[in-house]
Amino acid sequence: MNRTVPDILAAHPGAGRDALIPLLQEVQEAEGYISRAAVAELGTHLDLPASRIYGVATFYNQFRFQPLGRYHVQVCRGTACHVKGSLGVFAAIKRTLKIEDGETSRDGLFSLEVVSCLGACGLAPLVAVNGQVHGEVTPESVVEILRRYRREGAVA
Amino acid sequence: MPMIEVNGRQVTAREGGTLLDALRRAGIQVPTLCHYEGLPPTGSCRLCVVEVEGAPNLVPSCSFPVSEGMRVQTHSPRAVRARKTIVELLLSNHPDDCLYCAQHGNCRLQDLSEDLGVRQRRLPGSRTRLPRDISSPAIVRDPDKCILCGRCIRACAEVQTVAAIDFTGRGSGTRVDTAFGEGLNISSCINCGQCVMVCPTGALTERSHLDQVESALQDPDLVPVVQVAPAISVSLAELFGEKPGRDVEGALNALLRRLGFARVFDTSFSADLTVMEEASELVARLQGAGPLPLMTSCSPGWIKFVETFYPDLIPNLSTCKSPQQMLGAIIKSRFAGIQGIDPARIYSVSIMPCTAKKFEAGRSEMLRGGLVDVDAVLTTRELAELVRRRGLKLGDQAPEPADMPFGRRSGAGKIFGASGGVTEAAIRTAHFLVTGRELEDLTVEPVRGPEGIKRARVQVGELELGVAVVSGLGNARRLLDEIREGRRDIHFVEVMTCPGGCINGGGQPIGTRPGAITARMRALYRIDKGETVRTAHANPAVRSLYADFLGEPLSGLSHELLHTHYEARTPLR
Ligand code: SF4
Ligand code: SF4
Ligand code: FES
């Protein structure tokens, strides 16, 4: 089922420059991020320079440029989570993993993404790791959660 | 012709023109930042706003069409206040380290703050601190000084069609950057410096070689030798306040000696040498020894452009090194030999109108026995700075000749500095090589002038030679696409990376007056006209170099010293 970038491009023959954003979305859907190679292929297909594609992609929060980590951490910064202190949770995660939003740790274990709402505001503040939701986290408890994943990742 | 009223005065505008165009033609000053002469307006900086009667808001004059009877106030309190606020906002996130900035004293942002009476930091914003991009051998980018006018992006994408940089991010996170923020050195940048020429601040500068040249000049173990490109003598005076087009060759030689160079040589000499090699290569290729058209190779930005975007056309490039590298090689071989100096002790500096020459000097193909032939490259701007650092003045110098034998040049070598010059010089010599006779009229008019694409057909013996001369890589791209599609009637292609040629190179004075480029061009042709020796093959220094050292053009030794090869490049482009 894994679609490659050439598959995606082949499904859009003669796509114009206005197709850039939907194509970027499909690429990210398939590969988890926008790679250099994907930008090169998109550029040839759409006759666009790499700097332009990268420029357009960085305009939107949704695109990432590093592969997802084994554990993809989503931290909610929506209104309810914000009111319940998600800023401190976010800071604690960044401190622990030493990465920023959109980045992946060097060992490939963790990637980080800020999201606007995970749809379980009653449990705010929320963090999801590979889709598994952890509710009512605190800056302290989130560090413990991450430590558990790290141990699990080291064993696996 | 619509009539409009500006500040109570009647002004004739051009049909379909912009308001800014009408104002400028009437001599009315309205400041601009993002405006780029010759390209369509983007209207992004809003600095050019004026008040138009009946319009509810201020309008950006750079993108506002004129219409009959329009009444305009360019300096109403409201317009001036708006401009001042814009500049204050730009300054709120500016490092304020003007004293240490390379553009100090020649900065649009400084001028604007001055003209608008900004006397205090009124809006203390939070300042971003970003790393400088020092990855490139030619260009340094300091994003902290960038005011996001977008002019560099347009020079790179629209004039040069390289598009190494673009806006990234959004809102307060907007930056100018390369794809994936990887640094200019591994981007598709071809080091032309045209972005530097249009940047209104110190965000883009050349990579300076001044400190290393200064210390080499102080080192008693080194023999500092300098070569000067053809375009320098007709541009330098502008940096000392003189009007464009003055030739200061003699004073320049004197200055370079005062700076401590043991020998002052002329790159126009090796331009003549290039003509000998390249015209011979053309004649050989016309006889079937290689693909046509033959494309010139003196402009290192263009070379990297072909390697990056047209690698299939690499075989069409002349194998000749550029005049800078030819003279560099001759200095460290022949000159060292005659003088009995170890080439490793020679410190070879070139003064170039160009930033890409810095990159070229360090290309691995240019190394001989692990040594570079050119140790440092100073732009016209850096030379002026060096002169000031030493407390010297251009005007004080009595003219002196360059040193022999590599200071001797023909008129042909000198016109290399203008787009079309290489072609004209090559035609003069190719005609002689093919027919054994000189051209009746040495002037090849159709390849002269500021146009971006020039074409000519010249009779050389039996053959009608088709030549195309382009400057600016956007124009080169158009021509290359024609060639890729199978155009066969062109035999010789000259490409200069910068619009107009080296006289408008990326190392030349920034913020020149309108008309400066044509004035420099005219000066070069004037020098050629006054010369008794106007062809490369008649240059006595070139003749004796062949007789005593190289043998003949395209000889084994010529190939070893004066020719090179290229490699396809695959940056993210
Ligand atoms: S030096 Fe030339 S190619 Fe490089 S970024 Fe500047 S304009 Fe583009
Ligand atoms: S680097 Fe200079 S030219 Fe480019 S956007 Fe910034 S201020 Fe403008
Ligand atoms: S010059 Fe008109 S908006 Fe920038």
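The values are calculated or read from the model by the stated rules, or taken from the named source; none is laboratory data. Since the structure is predicted, the reported quantities are computational estimates derived from the model, not experimental observations. Cβ: placed from backbone, ideal geometry, glycine included. Neighbour counts: every protein chain shown.
A few remarks follow.
- If you go through the stretch B:190-207 and pick out every residue that is more than 20 Å from B:Gly105 (Cβ to Cβ) and β-branched (Val, Ile, Thr), you end up with 1.
- Here the condition is being farther than 25 Å from B:Gly515 by Cα and within 11 Å of ligand 3 (Cβ to nearest atom); of B:Arg46, B:Arg78, it holds for B:Arg46 alone.
- Of note, A:Leu87 satisfies the criterion of being assigned to a helix (DSSP H, G or I), free of Cβ contacts under 8 Å to residues at least 12 places away in the same chain and away from chain B (no Cβ under 14 Å).
- Matching entry among B:Val30, B:Val52, B:Val6, B:Val11 (being touching a Phe, Trp or Tyr at 6+ places or on another chain (Cβ under 9 Å) and either loosely packed, with under 12 Cβ neighbours inside 10 Å or aliphatic (A, V, I, L, M) (or both)): B:Val52
- Within the set B:Leu210, B:Leu184, B:Leu148, the sole residue that is closer than 21 Å to B:Asn106 by Cβ, in contact with a Ser or Thr (Cβ under 8 Å, 6 or more places away or on another chain) and at pLDDT 95 or above turns out to be B:Leu148.
- Within the stretch B:30-47, residues that are closer than 21 Å to B:Gly202 by Cβ reach partners that are not in a loop (DSSP other than H, G, I, E, B) with beta carbons closer than 6 Å, at six or more positions or on different chains, in the pairs B:Pro31/B:Leu112; B:Tyr36/B:Arg151; B:Tyr36/B:Arg154; B:Leu47/B:Arg83; B:Leu47/B:Ile86.
- Qualifying residues in the stretch B:152-161 (those that are in a helix (DSSP H, G or I) and crowded, with 22+ Cβ neighbours inside 10 Å) - the one farthest from ligand 2 (Cβ to nearest atom): B:Val159
- Which listed residue, of B:Ser297, B:Ser410, B:Ser364, is under 30 Å from B:His491 (Cα atoms), under 20 Å from the mean Cα position of the chain (by Cα) and polar (S, T, N, Q): B:Ser297
- Selection count, the stretch A:24-47, where residues are surrounded by fewer than 20 Cβ atoms within 10 Å (Cβ to Cβ) and within 14 Å of another protein chain (Cβ to nearest Cβ): 9
- Subset of the stretch B:410-434 [assigned to a helix (DSSP H, G or I) and either among the aliphatic types (A, V, I, L, M) or touching a strand residue (DSSP E or B) at 6+ places or on another chain (Cβ under 6 Å) (or both)]: B:Ala412, B:Ile415, B:Val422, B:Thr423, B:Ala425, B:Ala426, B:Ile427, B:Ala430, B:His431, B:Leu433, B:Val434
- Set B:Thr497, B:Thr512: member being touching a Pro at 6+ places or on another chain (Cβ under 8 Å), at pLDDT below 95 and closer than 27 Å to B:Glu382 by Cβ: B:Thr512
- Residues that are in contact with a helix residue (DSSP H, G or I) (Cβ under 6 Å, 6 or more places away or on another chain) and within 14 Å of chain A (Cβ to nearest Cβ) within the stretch B:134-158 comprise B:Cys152, B:Ala155, B:Cys156, listed in sequence order.
- Pair list, Cβ < 6 Å and 6+ apart or interchain, from the stretch B:53-69 residues that are small (Gly, Ala, Ser) to residues that are assigned to a loop (DSSP other than H, G, I, E, B): B:Ser61/B:Val30; B:Ser61/B:Cys48; B:Ser63/B:Pro41; B:Ser63/B:Gly43
- The criterion of being near ligand 1 (Cβ under 10 Å from one of its atoms), touching a residue at least 60 places away in the same chain (Cβ under 8 Å) and touching a Lys or Arg at 6+ places or on another chain (Cβ under 8 Å) holds for B:Ile139.
- Among residues that are loosely packed, with under 14 Cβ neighbours inside 10 Å and closer than 30 Å to B:Thr18 by Cβ, B:Gly117 is included.
- Listed conditions (1) farther than 26 Å from B:Ala163 by Cα; (2) surrounded by 19 or more Cβ atoms within 10 Å (Cβ to Cβ) are all met by B:Ile338, apart from (2).
- All positions within the stretch B:12-50 that are within 16 Å of ligand 1 (Cβ to nearest atom) and of a type in the set (A, V, I, L, M): B:Leu39
- Candidates B:Gly288, B:Gly340 - the one that is at positive phi, at pLDDT 95 or above and over 24 Å from the mean Cα position of the chain (by Cα): B:Gly340
- Of the residues B:Glu552, B:Glu494, the single one that is acidic (Asp, Glu) and surrounded by fewer than 24 Cβ atoms within 10 Å (Cβ to Cβ) is B:Glu552.
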